[in-house]
Amino acid sequence: MSARSCLTIVLAAGEGTRMRSSLPKVLHEVAGRTLLAHVLAAVRDAASSSVAVVVGPDHDAVAAEAKRVLPGAGIAVQQQRRGTADAVLAAGEAIARGFDDILVIFADTPFIRPETLQRLRQALANGAAVAVLGFRPKDPSGYGRLIVQDGDLVAIREEKDASARERAIDLCNGGLMALSGQHALAILGQIRNDNAKGEFYLTDAVAIARAMKLGTVAIEVGEDEVSGINTKAALADAEAVMQARLRKAALEAGVTMIAPETVFLQADTTFGKDVVIEPFVVFGPGVSVADKAVIHSFSHLSGAQIGEGASIGPYARLRPGTRIGKGARVGNFVELKEATMEDGAKANHLTYIGDARVGEGANVGAGTITCNYDGVAKHRTDIGRGAFIGSNSALVAPVKIGDGAYVGSGSVITSDVPPDSLGLGRVRQTIKEGWASRLRDLKGAGKKKPSR
């Protein structure tokens, strides 16, 4: 089958009004990845020769997302919503190029697997002209039924048109379909809109293929794979399913999770060996964690790379652009953004480090902030190797603290501190003896004695 060419048509033209959102349905996210991106990732992994994404008019954002995920994808526009077969024919020029296999899948089915797409293609390689995915839901009410006789798919019957015997069938139409490239345009061209909605239904392809004496088969898969997302409730259910899958995959890969149900991952989160994740940790997009790192409770990480043996949290926030070196420590209530903590560097408490480099082995004391924004532009702070930043210091960028330099606690540093120097930026302490007693006497003189 590897020599067979394949065109995958991804239908992404739905408006998604039931989502109660101005965002197109297929751009809603599950595990940090759009529904469309999940589907296109499966298509990519199934090694499709070519991909055409069918979008609605004025859905430039959907087209842009398709191009972001698969730059080589073609875009076709369904000008009017006239049914699934009409949507497929919007990619008619691509079909006419002469592919062996045509796959038709929906952009709101994020759990479809590459292996399943390969099963559809194998059915065509085995001689079928039409192959349809089916599933067995707990409650088949409302679904079209797949009627199979002697191993052949005889018809797809909508529930309202089904007899009582046909309604008892629990194998339901999953919507995804494969068509022989040799016969696809001939089959699609015979589909009519003589139905109550006046739409062109792709499901009619089965009856047309059988009338042409062509083979038609059903392939059964799990319900999750073909479940479409049409509401925010369904989106939340999909998120729960995806999180369970991601947690299981991480555990099977050797990650230790003390309370996995409290950890939230993204589709692109990656882990090394012997990583430990404590309860209530949230991973945003673009996070990688190297071997033996520990992520402590209540930490939130996004767009960050964590080095080998590093310790993060508890209550740490790592924002995009953060790079944590080997053995570095980021402690409780520490926030980093566009910052690098080199090997062995430490910021253990109550600190903000933004647009900065903290050199190897440097220590940043509690309450330190890098003042990186002047109200107009961002500026960088560079803290050298082995430097020591005393507690409650403010480093006003742009500024450089040299290798081995010290910054005294409570300092506001506005100029560079040379290597191995001490930088101080604070007022000399003054003691006024008796001042506190005089203040209390002064304030007490004006108070009335309380009545008894």
Subset of region 150-192 that is of a type in the set (S, T, N, Q) and more than 38 Å from the chain's Cα centre (by Cα) - its residue that is surrounded by the most Cβ atoms within 10 Å (Cβ to Cβ): 190
Which residue out of 107, 96 is at negative phi, assigned by TED's automatic domain parsing to the domain that holds residue 186 and surrounded by 22 or more Cβ atoms within 10 Å (Cβ to Cβ)? 107
Of all residues making up region 6-33, the number that are among the hydroxyl-bearing types (Ser, Thr, Tyr), assigned to a helix (DSSP H, G or I) and in contact (Cβ under 8 Å) with a residue 40 or more places away in the chain: 0
Starting from region 239-257, keep only residues that are outside the structural domain of residue 267 (by TED's automatic domain parsing), then list their pairs with residues that are part of a helix (DSSP H, G or I) and loosely packed, with under 13 Cβ neighbours inside 10 Å whose Cβ atoms are within a distance under 7 Å, requiring at least 6 positions of separation or different chains. none
Restricting to region 335-383, name every residue that is in a strand (DSSP E or B), of a type in the set (Gly, Ala, Ser) and over 16 Å from residue 413 (Cα atoms). 339, 347
Report yes if residue 286 is surrounded by fewer than 19 Cβ atoms within 10 Å (Cβ to Cβ) and not in a strand (DSSP E or B), otherwise no. yes
May I ask you to verify whether residue 85 is in a helix (DSSP H, G or I) and under 13 Å from residue 184 (Cα atoms)? yes
Taking interchain pairs and intrachain pairs at least six residues apart, which have beta carbon atoms under 8 angstrom, with the first residue in region 358-387 and closer than 13 Å to residue 343 by Cα and of a type in the set (Ser, Thr, Tyr) and the second surrounded by 22 or more Cβ atoms within 10 Å (Cβ to Cβ) and at pLDDT 95 or above? none
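Residues are listed down the side, and each one gets a yes or a no for (1) of a type outside the set (A, V, I, L, M, F, W, C); (2) buried (at least 20 other Cβ atoms within 10 Å of the Cβ):
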{"residue": "347", "(1), (2)": "no, yes"}
{"residue": "359", "(1), (2)": "yes, yes"}
{"residue": "371", "(1), (2)": "no, no"}
{"residue": "374", "(1), (2)": "yes, no"}
{"residue": "385", "(1), (2)": "yes, no"}
{"residue": "394", "(1), (2)": "no, no"}
{"residue": "398", "(1), (2)": "yes, no"}
For the list (1) modelled with pLDDT under 95; (2) in the same structural domain as residue 354 (by TED's automatic domain parsing), I need the number of the one condition that residue 379 fails. (1)
Scan (1) in a helix (DSSP H, G or I); (2) of a type in the set (Ser, Thr, Tyr); (3) without any contact (Cβ under 8 Å) to a residue 60 or more places away in the chain for the single condition residue 143 breaks and write down its number. (1)
Residue among 36, 89 that is touching a residue at least 24 places away in the same chain (Cβ under 8 Å), buried (at least 23 other Cβ atoms within 10 Å of the Cβ), of a type outside the set (Asp, Glu) and within 21 Å of residue 234 (Cα to Cα): 36
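The values are calculated or read from the model by the stated rules, or taken from the named source; none is laboratory data. These numbers were taken from a predicted model, which means no experiment stands behind them. Note that we place each Cβ from the backbone using ideal geometry, even for glycine, and neighbour counts take in every protein chain shown.
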